[in-house]
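Read the structure below first, then the notes.
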Amino acid sequence: MKIIYSTLLPVKGFRAINLFGIVFARKDQPQLDEHIINHESIHTRQMLELGIIGFYLWYVIEWLIRWIQYKDRYQGYRNIGFEREAYANDNDFSYPKKRRMFTFIGYLKKPV
């Protein structure tokens, strides 16, 4: 996985963002650890399942719905199914290879 350290991406408050399978990390933060890299690897697998455009459309639409639901942008972000799956499994370093397709769907209703 390619990692690019940047002063622009991601926005402040976040350490990394996966855009089209390339991870951008904040230059002013410590280097990414294996848990964050694994988290982003899970997102890459999700992108491959839905296609890049499908993944980002779903992500943004679900984030907007969760923002309204929780009345908080950050809580909305943390409750996106893609994020729930990635956070729940970022300690399991074999997870990206063994996960079943569309596993994130099972995380759509689970509360944080």
* Condition test on Leu9, is it over 25 Å from Met101 (Cα atoms), more than 13 Å from the chain's Cα centre (by Cα) and surrounded by 13 or more Cβ atoms within 10 Å (Cβ to Cβ)? -> yes
* Structure fact -> Output for Cβ contacts, cut-off 7 Å, separation at least six or different chains, first residue under 14 Å from Phe14 (Cα atoms) in the stretch 74-100, second β-branched (Val, Ile, Thr) and at pLDDT 95 or above, reads none
* Structure fact -> Of the residues in the stretch 74-111 that are surrounded by 19 or more Cβ atoms within 10 Å (Cβ to Cβ) and of a type in the set (Gly, Ala, Ser), the one that is farthest from Thr44 (Cα to Cα) is Gly76
* Is there a residue being without any contact (Cβ under 8 Å) to a residue 12 or more places away in the chain and surrounded by 19 or more Cβ atoms within 10 Å (Cβ to Cβ) anywhere in the stretch 17-36? -> no
* **Candidates Ile53, Ile65 - the one that is at pLDDT 95 or above, surrounded by fewer than 14 Cβ atoms within 10 Å (Cβ to Cβ), under 16 Å from Leu108 (Cα atoms) and more than 13 Å from the chain's Cα centre (by Cα)** => Ile65
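The values are calculated or read from the model by the stated rules, or taken from the named source; none is laboratory data. Here the structure is a predicted model, which is why all the values come from computation and not from measurement. In this analysis, Cβ positions are derived from the backbone assuming ideal geometry, glycine residues included, and neighbour counts consider all displayed protein chains.
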